[in-house]
Amino acid sequence: MHASVREPGQAPQGTIEHVFDVTNGDAVASTCGAIEPLDALVANAGIGIAAPLELLPTTELTRQLDVNV
């Protein structure tokens, strides 16, 4: 089993760790292409920003959409 993480050492014990940012499409494609065979993929990355919408900078809203969608 493989696990993608943002920081080294964050993968669950017993998994093969891959460190990259899920918003980097090239890194995702490269990692998925290096895993043979790839039978299934569970995309469970997600972030939430707790603040009134009108107070959030556009960059933070864009980052949240990039990660979650």
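The table below gives the values:
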{"quantity": "Segment 1-15, residues that are open to solvent by 90 Å² or more (accessible area, probe 1.4 Å) and more than 10 Å from the chain's Cα centre (by Cα)", "calculated": "1, 7, 8, 10, 13"}
{"quantity": "Filter result for residue 59 (open to solvent by 80 Å² or more (accessible area, probe 1.4 Å), assigned to a helix (DSSP H, G or I) and not aliphatic (A, V, I, L, M))", "calculated": "yes"}
{"quantity": "Scan of segment 33-54 for residues that are hydrophobic (A, V, I, L, M, F, W, C) and at pLDDT 90 or above, ordered by number", "calculated": "34, 35"}
{"quantity": "Members of segment 16-46 that are exposed (fewer than 11 other Cβ atoms within 10 Å of the Cβ), part of a helix (DSSP H, G or I) and of a type in the set (Val, Ile, Thr)", "calculated": "none"}
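The values are calculated or read from the model by the stated rules, or taken from the named source; none is laboratory data. Worth saying up front: this structure is predicted, and the values here are computed from it rather than measured. With ideal geometry, Cβ positions are generated from the backbone for all residues, glycine too; neighbour counts draw on all protein chains shown. Heavy atoms of the whole protein, side chains included, go into the accessibility calculation; ligands, DNA and RNA do not. Shrake-Rupley method; radii C 1.70, N 1.55, O 1.52, S 1.80 Å.
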